[in-house]
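K.L.:
Input: one structure, supplied below.
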Amino acid sequence: MNKIVVTGAASDVGARVVAQLSSAQPRPTVLAVDQTTLPSLPPGVEQKQADLEFADLRSIFCGADTVVHLSSRGTPGETNPVADQLDLLIAERVLEAAAECRVDQIVLLSTALVYGARTANPIPLTEDAPVRPNPDFSWAVIRAEIEKLTAEWKAVHPLTAVSVLRPTALVTDDDLGQLARVLHDARLGVAADGDPPVQYLHIDDLVSAVTTAVECRADGPLNVAPDGWIPPDALRDLEGPKPRLRVPLWMARGLAAVRLRAGLAPIPPGVVPYTSHSWVIASDRLRSLGWEPAYSNEEAWVVSHNPGPRDWIPARRRQELALAIAALGVIGGLGVLLWLLRRVAQRSSRVRRAAA
């Protein structure tokens, strides 16, 4: 690795990737590219402020051995067709410039959502599974189109190593990522019937996956997730009691569309199937390159969760308390009902005595 260009370098993932790549030995030249300036740069890192939609990418890429393309205008978990189409256009410009500059390696960031969420999905999905995102979730559909564009480009440039990373829902310290938050919110309240297993990936493990792909000159798609997954009962223990009304998938999607149009909840209807059917992935191919996640699925969830007062109570105890509170509510409601019935009976008795 002599010179590495990282696009989207000001993002949470990009800034960490730049820092980790710049610390490798022997030390490469790292060029951090973004529309905004980075507040601080590791020693030896150069910076280029550029809009990938309009900039002369050949002047940026030429002389580079590797291009790590992390830039994205679209937001995971949101529906923004204009931004998503712009991501496709920018990916095409990146590939064209990389070809003209004869870049040896390209690393692209995609998503595990490209597999789609369906009842027939095997558990877990490997990189050999077909790419079939749910058609009404544009963010996932565009990532699949970018992957198709990249595969066609790779067929014309077979000597260039191309890695496409497919991470599961990303989280950071004390915060669920945007996609993880939307998926979480879609499972609450009126939710689609179904309890698939879930996965959470800590941002540090995604960063190490990117650097592993760069260092190993990996070729092909790479799933990125911790080993295994969180089954539904374990997720309920982690989250504690949550209100949920189960409805058919079609009804949940319709309600999500209504709430989205009314501005009541930012849950795209296309996300709903991902809360009803499994899309968990296996990262054996990435592990064979030496990648080791630092966080399990459960650990990633815990560090991303900002605990409230009740969260310090063990999950089983929380459930017992919730049941006890519910029972007290029922008893209290019955008491009020009996009191009202008694008052009505007393009033009727007084009326009858007055009439007599």
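The values are calculated or read from the model by the stated rules, or taken from the named source; none is laboratory data. All values reported here derive from a predicted model rather than from experimental measurement. A quick note on method: Cβ atoms are made from the backbone with ideal geometry, for glycine too, and the neighbour counts reach across all protein chains shown. Surface areas here come from the heavy atoms of the whole protein model, side chains and all, with no ligands, DNA or RNA. Shrake-Rupley method; radii C 1.70, N 1.55, O 1.52, S 1.80 Å.
K.L.:
Among Pro42, Pro26, which is open to solvent by 10 Å² or more (accessible area, probe 1.4 Å), assigned to a loop (DSSP other than H, G, I, E, B), of a type outside the set (D, E, K, R) and in contact with a helix residue (DSSP H, G or I) (Cβ under 7 Å, 6 or more places away or on another chain)? Quick ask: steps written out before the conclusion?
P.N.:
On the way: Pro26 fails: in contact with a helix residue (DSSP H, G or I) (Cβ under 7 Å, 6 or more places away or on another chain).
Answer to the check: Pro42.
K.L.:
Anything in the range 263-303 that is out of contact with any strand residue (DSSP E or B) (no Cβ under 8 Å at 6 or more places or on another chain), assigned to a helix (DSSP H, G or I), within 19 Å of Glu239 (Cα to Cα) and open to solvent by 30 Å² or more (accessible area, probe 1.4 Å)? List them, or say none.
P.N.:
Within the range 263-303, just Val302 meets the criteria.
K.L.:
I'm trying to understand the selection: among the residues of the range 173-189, which are open to solvent by 20 Å² or more (accessible area, probe 1.4 Å) and either in a helix (DSSP H, G or I) or within 18 Å of Ser276 (Cβ to Cβ) (or both)?
P.N.:
Selection gives Gln178, Arg181, His184, Asp185, Arg187, Leu188, Gly189.
K.L.:
Being out of contact with any strand residue (DSSP E or B) (no Cβ under 9 Å at 6 or more places or on another chain) and assigned to a helix (DSSP H, G or I) is the filter here; which residues of the range 95-121 pass it?
P.N.:
First, the residues of the range 95-121 that are out of contact with any strand residue (DSSP E or B) (no Cβ under 9 Å at 6 or more places or on another chain): 96, 99-100, 102, 116-121.
Residues satisfying the conditions are Glu96, Ala99, Glu100.
K.L.:
So, one more: Give the residues of the range 134-159 that are in a loop (DSSP other than H, G, I, E, B), touching a helix residue (DSSP H, G or I) at 6+ places or on another chain (Cβ under 8 Å) and open to solvent by 20 Å² or more (accessible area, probe 1.4 Å), sorted by residue number.
P.N.:
Filtering the range 134-159 for residues in a loop (DSSP other than H, G, I, E, B) gives 134-137, 157-159.
Filter once more, keeping what is touching a helix residue (DSSP H, G or I) at 6+ places or on another chain (Cβ under 8 Å): 134-137, 157.
The answer is Pro135, Asp136, His157.
K.L.:
Listed residues Asp34, Asp12, Asp56; which is surrounded by fewer than 20 Cβ atoms within 10 Å (Cβ to Cβ) and closer than 23 Å to Thr211 by Cβ?
P.N.:
On the way: Asp34 fails: surrounded by fewer than 20 Cβ atoms within 10 Å (Cβ to Cβ); Asp56 fails: closer than 23 Å to Thr211 by Cβ.
None of the other options fit; the residue is Asp12.
K.L.:
Also, I was wondering about something else. If I ask for residues that are among the small types (Gly, Ala, Ser), part of a helix (DSSP H, G or I) and more than 19 Å from Leu289 (Cβ to Cβ), which ones from the range 190-244 would you list? Don't jump to the end; show me each part of the working.
P.N.:
Of all residues in the range 190-244, those among the small types (Gly, Ala, Ser) come to 191-192, 194, 208-209, 213, 218, 220, 225, 228, 234, 240.
Among the residues that remain, those that are also part of a helix (DSSP H, G or I) are: 208-209, 213, 234.
Selection gives Ala234 alone.
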